[in-house]
1. Using the Cα gyration tensor of the stretch 113-251, with a ≥ b ≥ c the square roots of its eigenvalues, what is the shape: rounded (a/c below 1.5), prolate (a/b larger than b/c) or oblate (neither)?
2. Mean residue ellipticity at 222 nm from the helices of the chain, using -39,500 (n - 2.57) per DSSP H segment of n ≥ 4 over the full residue count, to the nearest 500 deg cm²/dmol?
3. Report the label-to-label distance for residue 56 and residue 150 in nanometres (one decimal), using points 7 Å from each Cα along the Cα→Cβ vector.
4. Find the relative contact order for the stretch 113-251 and round it to a whole percent, using C-alpha pairs within less than 8 Å whose residues are 6+ positions apart.
5. Within the stretch 156-209, which trypsin sites (Lys or Arg not before Pro) sit in a loop by DSSP and count at most 16 neighbouring Cβ atoms inside 10 Å?
6. Go through 65-78, 118-131 and give me the packing order, highest mean Cβ count within 10 Å leading.
7. For 63, 162, what ranking results if the residue with the fewest other Cβ atoms within 10 Å of its Cβ goes first?
8. List the relative contact order of the chain as a percent without decimals, with contacts defined as Cα pairs under 8 Å and 6+ residues apart.
Amino acid sequence: MSTVSESYLVGLIGEGITASLTPPMHEAEAAHQGLHYLYRPVDLEVAGRPGTDVGALLAAGRDLGFNAFNITHPCKQLVLAHLDEVAPEAAALGAVNTVLVRDGRFVGHNTDRSGFAAGFRAELPGAATDTVVQVGTGGAGAAVAAALLSEGVATLHLVDLDAERAAERAAALRTMFPDRQVLAAAPAELAELVPAADGVVNTTPVGMHHHPGTPFDPALLDGTQWVADVVYLPVATELVTAARAAGCRVLDGGHMAVGQAADAFALITGRRPDRARMRAHFLSLLGERRPAPAAR
């Protein structure tokens, strides 16, 4: 017979997440490992709640017996004020995407950095890393920037509509990586930065189903750059599609999605996930979500 200690109740708090593949990825891996695991999205849009309510949602979840939460846009930085403890790496990044409930206390972690880094190493081996441009410096952007620098990027240009946030993120990263050059830049500078870069990364929501478009003009790509995107619904974003058409090497958002999910699963359960199995399940889920072709 199942006991509470053998069961897991997990939530995902964020905006526009009803179609997220993270819950079914976790549940499928848990089933393979013989765990009782229920994972439910808490969509702020559906609930009519602002991101600033993340603390109240955490508290309600704790009272209802939740074991953990994944945190996504726009709450990865907002959640920090509501945690009792933050793992050192997450604190340095200023962003949390996984919250464990331990003895009534909230403990924050970040698996976005490790998730992106794993995909980068697997899909872009030997990629040039002298100069990289990253668009977006929010919660996911903080983790991806740290991953890029840890993977050897020498000069990183951080571009954001919020100039103050970009400058603060650049300063924090220079403290973490004193031997690297991290510079804040304005969107107007992309026309010069992208053609001269070895790689370009999108960490904004632009490209998601409910945020269509590209974070910069893809005509700036000439095939010499590699391109990474963190958006995975759809996995073939407008940016990814344009980059492939231009002849660029591409890292799609699916790799980070699986990587962060696997690392979060390990934190929540204390068990090692089968990453290849999770990737295969992710791809099968994408196939199920793909629209059917129009009738002729």
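Every number in this text was worked out from the coordinates using simple rules, so none of it is lab data. Values in this document were obtained by computation on a predicted structure and should not be read as measured data. Because the Cβ atoms are built from the backbone with ideal geometry, glycine has one as well, and the counts that use them run over all protein chains shown.
1. rounded
2. -11500 deg cm²/dmol
3. Distance between label points: 3.5 nm.
4. Result for the stretch 113-251 is 24 percent.
5. Passing sites in the stretch 156-209 are 180.
6. Packing order, densest peptide first, comes out as 65-78, 118-131.
7. Lowest to highest Cβ neighbour count: 63, 162.
8. It comes to 16 percent, rounded to a whole number.
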